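Below: the structure, in structure tokens.
The values are calculated or read from the model by the stated rules, or taken from the named source; none is laboratory data. Everything quoted here is computed from the prediction, not taken from an experiment. Here the Cβ is made from the backbone with ideal geometry for all residues, glycine too, and neighbour counts use every protein chain on show.
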Amino acid sequence: MGPLTKYNGGMLRVFIFSALISAAHGQLVDDFAPPRGTCCLAGAAQNLANQLQDWNQLGRYHADNVKLRAEPVPAGRVVFMGDSITDGWKLAEQFPGKPYVNRGISGQTTAQMLNRIFQDVIDLQPAALVIFAGTNDIARNNGPQTLEMIEENIQAMTELAKLHGIKVVLCSVMPISDYVPNRLQSKGRPPTDILKLNVWIKDYSARSGSVFADFYGVTVDEKGWLKEGFSNDGLHPNEKGYALMVPAVSGAIGLALR
């Protein structure tokens, strides 16, 4: 290979790299105002590497799970599997005296939850499992997905739980709203997609012998939005929002454990 060939090959690589960068940003800008970076690239790179090593966040509850498995299993233990809405739910306060275990992780999709189902649910030997998931799949937190892919993840979690003698409560995805200024949730979570998934969840609950908890029905207003004043960002319920959800899931758990 001659010098000219090497030069041309190098230029080709530079051209391809430049094209990728151009495609990522879309167009030139008049003013240079890039996003603010972190102080230390090495630290940021290490943080990303750490996250990639535990993409499903199996380490989040590992120590707690070890501790729970070493203790006697209380009657009526229920595990709540979900995303940030579950993660932020203060179960001990809103269900006093109940042996409920929170295994929600902010930002997660059904694929990640399915990967955690043994460590965070089955190995804890609960009497019932509450699955409250899907909004982050719709929002493409881990890339685009079809409706069928989300459904199959929920179905897989349900079937695995039932195989191990665990009753299942399937929860509808909550509505979102654009009531909060500068927080237009409908851009990332189209209400029509939420409705499509909820129709399937309700139908599958009946077909699979699971119990359906209708969080959508108790939190939606006449416009199809998450009730105004029951969320601070149009997505996550505040204390008033959680208060609406408690009776719905309590009734469903009671029915499942009969």
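Taking D214 as the residue in question, decide whether it is within 25 Å of K98 (Cα to Cα), of a type in the set (D, E) and in contact (Cβ under 8 Å) with a residue 24 or more places away in the chain. Break it down stepwise before answering.
Details: within 25 Å of K98 (Cα to Cα): yes; of a type in the set (D, E): yes; in contact (Cβ under 8 Å) with a residue 24 or more places away in the chain: yes.
Criteria met by D214.
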Check your understanding: Within segment 127-134, can one find any residue that is at pLDDT 95 or above, surrounded by 11 or more Cβ atoms within 10 Å (Cβ to Cβ), among the β-branched types (V, I, T) and in contact with a strand residue (DSSP E or B) (Cβ under 6 Å, 6 or more places away or on another chain)?
Key -> yes
Practice item. Provide a single number: the residues in segment 151-180 that are within 15 Å of L197 (Cβ to Cβ), in contact with a Lys or Arg (Cβ under 9 Å, 6 or more places away or on another chain) and not in a loop (DSSP other than H, G, I, E, B). Key: 1
**Study point:** Checklist (1) modelled with pLDDT under 95; (2) in a helix (DSSP H, G or I) applied to T192, failing item
**Key:** (1)
Study note, to complete from the structure: Those residues of segment 73-109 which are small (G, A, S), surrounded by 15 or more Cβ atoms within 10 Å (Cβ to Cβ) and without any contact (Cβ under 8 Å) to a residue 40 or more places away in the chain amount to G104, S106
Review point. For segment 146-157, how many residues meet the condition of being polar (S, T, N, Q) and surrounded by fewer than 19 Cβ atoms within 10 Å (Cβ to Cβ)?
Key: 2
Review point. Considering segment 54-72 alone, what residues qualify as being among the acidic types (D, E) and surrounded by 11 or more Cβ atoms within 10 Å (Cβ to Cβ)?
Key: D54, D64
Study note, to complete from the structure: Exactly one of L52, L48, L58 is outside any helix (DSSP H, G or I), hydrophobic (A, V, I, L, M, F, W, C) and at pLDDT below 95, and that one is L58
Practice item. Name the one entry in R189, R258, R207 that is surrounded by 15 or more Cβ atoms within 10 Å (Cβ to Cβ) and basic (K, R). Key: R189
